[in-house]
Amino acid sequence: MSFPKGFFWGGAVAANQVEGAWNVDGKGPSVADVATYKPNTDVKDYKSHVAMDDAHIAAAMADPDDTYYPKRRGIDFYHHYKEDLKLFAEMGFTMLRVSIAWTRIFPTGEEAQPNEKGLQFYSDLFAEMHKNGIEPLVTLSHYEMPLALATKYNGWVDRRVIDCFAKFCHACFERYKDQVKYWLTFNEVDSVIRHPFTTAGIIPSRVPEDKMLETCYQALHHQLVASAMVVKDCHEIIPGSKVGCMLTKLTTYARTCAPDDELATQAKNLENLFYADVHVWGEYPRLILKMFERKGIHVEMLPEDAATLKAGCVDFVSCSYYMTMTESVDPNAERTPGNTVLGVKNPYLPSTDWGWQIDPKGLRYSLIELYDRYRKPLMVVENGMGAKDVVEADGSIHDPYRVEYFRQHISEMGKAIDEGVEMWGYTTWAPIDLISASTNQMSKRYGFIYVDQDDMGNGTLARSRKDSFYWYKKVIASNGEDLD
Ligand code: BG6
């Protein structure tokens, strides 16, 4: 029996990728509402998809339409959530990871009082989850900060945003204290380096190129301080609550055993882990502070920040896991895209159509590494495969590739548990088709549930079960034993 009794099985989504209703019931625009679908851009060129500047924001805001701004419409979960939760319950979900759109609660981030209609929406959503036997796991910030804070302050670069976020989180804890026990502060906090606008509202064209890295680390520092503040606040308001951090687990192997490749790989992995280090231990690793110094990076930290970080350590560690990469110092080594990264290709692994290398054993490796390092319970809160699905004439959708992906990853997760890793749960990305975070495509499908909508927003939004739906249902019913 790999999976403990009471292990949480479910799925994960983010408000900006599913809800739609971007300007309904008082919601303000978020950074996601100006993210653009670029039909003629190579999907493997992630940098072009996440690029942003002031002119683009102004043009987007002058355009009330959602055709090229798919996150404005999502899959209209805002109006379909009851139906969707029923389908998740039918699969046997015991947990659903959702995020709260900050701009439903504070439309510009700076209002004195929260928007009641926004608060009520999530109250209703959480109540409906409980009605369906589904425990909410709630991310407070998942790529959807108020656009107003991005344009006014250049996002998290400005320290004043900490208080805006703390106020938003406080309102959530007060309102949902009887409904939500499990929380995450920032989705993939490490991603600020890879897509500064999406993660931290930083408008890159406002920052000189040679100051970009320093600017990202400054914004990150503010997020880490804010995270620690709200962890403490949550513990005080909701006794017994569990607050976790969330890392993009970008495990990197050395391309060869040449010592230079090993050293380059070690540096990559240390960089990936340091974000979680701060969340777990409440202080920056010395090696990272030295790296800042070596690179001439100055991050402004106030004297009181050290105590704040120490007082807000997380209860558990969570991560997304999609792929691994390798690293090499050879400039000619072939590269391939992963989750908003470009890594050296691993010849032993297959890739998805988006170039992400599929590595189930890398999940076992990553979980053992994380558990050994932090000795905290783990949750995998995103894992899945983007693929193009075909709807047959009779309406059925056969997705053996998805079943195979999950079969192998769940099996490796079970082995990690058998080896001693303590895990609380697993939420797949994503149980239902949604808008891609990086490319804004609908056709990059992740779900067990198909949604009838194309990249331009055409379709009935009808939901239907793929073959993988029935397979995951069986997996959950057997608590991970039956993976056939
Ligand atoms: C994770 C994000 O990095 O990857 C999700 O937290 C995202 O928001 C997921 O959707 C998959 O990436 P993409 O670009 O295929 O949607």
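Condition first: of a type in the set (Phe, Trp, Tyr) and in a helix (DSSP H, G or I). Can you find one or more residues in the stretch 130-149 that meet it?
Our first condition is that a residue be of a type in the set (Phe, Trp, Tyr); within the stretch 130-149, this holds for 143.
Those left that are additionally in a helix (DSSP H, G or I): none.
No, the stretch 130-149 contains no residue that is of a type in the set (Phe, Trp, Tyr) and in a helix (DSSP H, G or I).
Regarding Gly312, is this residue over 14 Å from Asp190 (Cβ atoms), at pLDDT 95 or above and crowded, with 19+ Cβ neighbours inside 10 Å?
Values: over 14 Å from Asp190 (Cβ atoms): yes; at pLDDT 95 or above: yes; crowded, with 19+ Cβ neighbours inside 10 Å: yes.
Criteria met by Gly312.
List every residue pair whose Cβ atoms lie under 8 Å apart, where the two residues are 6 or more positions apart in sequence or sit on different chains, the first residue falls within the stretch 415-441 and is among the aromatic types (Phe, Trp, Tyr), and the second residue, located anywhere, is near the ligand (Cβ under 8 Å from one of its atoms) and in a loop (DSSP other than H, G, I, E, B).
Trp429/Tyr322; Trp429/Gly384; Trp429/Tyr446
Pick from Ala264, Ala311, Ala307: which is among the small types (Gly, Ala, Ser), more than 16 Å from the ligand (Cβ to nearest atom) and over 27 Å from Ile162 (Cβ atoms)?
Among Ala264, Ala311, Ala307, only Ala264 is among the small types (Gly, Ala, Ser), more than 16 Å from the ligand (Cβ to nearest atom) and over 27 Å from Ile162 (Cβ atoms).
Can you spot a residue in the stretch 381-402 that is more than 16 Å from the ligand (Cβ to nearest atom), closer than 19 Å to Pro360 by Cβ and in contact with a Leu (Cβ under 9 Å, 6 or more places away or on another chain)?
No, the conditions are met nowhere in the stretch 381-402.
Regarding Arg445, is this residue more than 12 Å from the ligand (Cβ to nearest atom) and among the charged types (D, E, K, R)? Break it down stepwise before answering.
Numbers: more than 12 Å from the ligand (Cβ to nearest atom): no; among the charged types (D, E, K, R): yes.
Judged against the criteria, Arg445 is not a match.
Look through the stretch 233-285, keep the residues that are β-branched (Val, Ile, Thr) and buried (at least 19 other Cβ atoms within 10 Å of the Cβ), and return whichever of them is farthest from Leu220 (Cα to Cα). Break it down into steps so the answer makes sense when it comes.
Taking the stretch 233-285 first, the residues β-branched (Val, Ile, Thr) are 237-238, 243, 248, 251-252, 256, 265, 278, 280.
So of that shortlist, the ones also buried (at least 19 other Cβ atoms within 10 Å of the Cβ) come out as 238, 243, 248, 251-252, 265, 278, 280.
Values: Ile238: 26, Val243: 19, Thr248: 14, Thr251: 21, Thr252: 22, Thr265: 23, Val278: 11, Val280: 15 Å.
Looking at the filtered set, the residue picked out is Ile238.
Which residue pairs have Cβ atoms under 8 Å apart, sit 6 or more places apart or on different chains, and have a first residue in the stretch 70-92 that is in contact (Cβ under 8 Å) with a residue 60 or more places away in the chain and more than 11 Å from Leu461 (Cα to Cα) and a second that is charged (D, E, K, R) and open to solvent by 10 Å² or more (accessible area, probe 1.4 Å)?
Close Cβ pairs (under 8 Å, with a partner that is charged (D, E, K, R) and open to solvent by 10 Å² or more (accessible area, probe 1.4 Å)) amount to Pro70/Asp455; Glu83/Arg463; Asp84/Arg463; Leu87/Arg463; Leu87/Arg465; Glu90/Lys473; Met91/Lys473; Gly92/Lys473.
The values are calculated or read from the model by the stated rules, or taken from the named source; none is laboratory data. What you see is a predicted model, and the numbers here were worked out from it, not measured in a lab. Please note: Cβ atoms are built from the backbone with ideal geometry, for glycine as well, and neighbour counts cover all protein chains shown. Protein only, heavy atoms only, side chains kept; ligands, DNA and RNA dropped before computing areas. Shrake-Rupley method; radii C 1.70, N 1.55, O 1.52, S 1.80 Å.
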